[in-house]
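Chemist: This is the structure, below, for whatever I ask next.
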2 protein chains.
Amino acid sequence: MKNTKLVGELLREKREEKGLLLRHVSAELDIDTAILSKIERSERKATKEQMLKLAEVLDLNKEDLLVQYLSEKILYEIKDEELGEKALKVAEQQIKYINKKNKGIEGV
Amino acid sequence: MKNTKLVGELLREKREEKGLLLRHVSAELDIDTAILSKIERSERKATKEQMLKLAEVLDLNKEDLLVQYLSEKILYEIKDEELGEKALKVAEQQIKYINKKNKGIEGV
DNA sequence: TTTGACTTGACAATATTAGTCAAATATAAT
DNA sequence: ATTATATTTGACTAATATTGTCAAGTCAAA
């Protein structure tokens, strides 16, 4: 597996690597440092907009970060569900089916 | 694939098969018929508790229904996301990893 | 043409999420 | 040790999303 790090951990690492303070980055996002602190420690979820902004500010790959972010959102949704893994598999089958169907239609 | 029907469609079919009216079933769930109507037409999501009750009232397999229900919740979460399918795959990898880790710990 | 089943949409109540702020805790430099 | 700066914590507020009611509307069958 490529990466088992939480989004928050990635953000903190990269921020520190760049020598930026919470206050610098949170100012760009226009939120209090408290929230960014919580995001980095996975105590809160960021919004999608904040993620995109963070990718910019911290020079992280937007797509990779977003994928990881969405994945965590999905996992959060099923974290207490015994049937979560099964549901994920079904969801994957269904999204494949849907995407296949749409591909067929796009060309009309 | 086993089943491409939406949960709502399943519910409506089964209810009609049993000759039950919205009012009968919604009374058991203790909600207005309007909501059940919307649930059956996928205009609203049911709660987990409602799903379990519906499985009972309509003699549907609880596990299957819940899996399908959770799957739809997941899909709803990523319905407008270009990266949704990728995120799903990552989520699946990660949940496998987490479950494996927990299995290891359970036996301590 | 009325009756019963379902649908629709406006609205209200409630729950969840996103945020601020100030005080408490580190961390680090004098 | 003392102060200065960075981060964390938690109580509180604001905004948004979810869940529900209700009444009026549509539709089909008797």
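The values are calculated or read from the model by the stated rules, or taken from the named source; none is laboratory data. What you see is a predicted model; the values in this text were computed from it and never measured. All Cβ positions, glycine included, derive from the backbone under ideal geometry; neighbour counts span all protein chains shown. Accessible surface is based on the protein model in full, side chains and every heavy atom, while ligands, DNA and RNA are left aside. Shrake-Rupley method; radii C 1.70, N 1.55, O 1.52, S 1.80 Å.
Chemist: If you fit an axis through the alpha-carbon atoms of helix A:62-77 and take the longest principal axis of the Cα set of chain A, what angle between them do you get, 0 to 90°, nearest 10?
Modeler: 70 degrees
Chemist: Tell me, what % of the accessible area of the protein assembly as shown is carbon and sulfur with a 1.4 angstrom probe?
Modeler: About 48 percent, which is the carbon plus sulfur part of the accessible surface.
Chemist: Something else: Which whole number gives the average, over all residues in A:91-103, of C-beta atoms from other chains lying within 10 Å of the residue C-beta?
Modeler: Mean number of neighbouring Cβ atoms from other chains: 5.
Chemist: Now for a separate question. Using a probe radius of 1.4 Å on protein heavy atoms only, what is the accessible area buried between chains A and B, both sides summed, to the nearest 100 Å²?
Modeler: It comes to approximately 3300 Å² buried between A and B.
Chemist: In square angstrom, what is the accessible area per residue of chain B with a 1.4 angstrom probe?
Modeler: Per residue, chain B has 62 Å² of solvent-accessible surface.
Chemist: Going by alpha carbons, how many degrees (0 to 90, nearest 10) lie between the helix axis of A:84-106 and the longest principal axis of chain A?
Modeler: In chain A, helix A:84-106 runs at an angle near 70 degrees to the longest axis.
Chemist: Kindly give the distances from B:GLU56 to its copy-mates, label point to label point, with each label point 7 Å from Cα along Cα→Cβ, as nm values to one decimal ordered shortest first.
Modeler: 5.2
Chemist: Right, another one. Defining the label point at 7 Å along Cα→Cβ, can you sort the distances from B:LEU20 to the same site in each other copy, shortest first, in nm?
Modeler: Output for B:LEU20: 5.4 nm, nearest copy listed first.
Chemist: Once Lys and Arg get +1 and Asp and Glu get -1 on their Cβ, which of A:GLY19, A:GLN68, A:ILE35 lies farthest toward the positive end of the dipole of chain A?
Modeler: A:GLN68
Chemist: Inter-copy label distances at B:GLN93, 7 Å along the Cα→beta-carbon direction, one decimal in nm, shortest first?
Modeler: 2.3
Chemist: Treat every Asp and Glu Cβ in segment B:1-77 as -1 and every Lys and Arg Cβ as +1, leave all other atoms uncharged, and give the resulting dipole magnitude about the Cα centre to the nearest 20 debye.
Modeler: 140 debye
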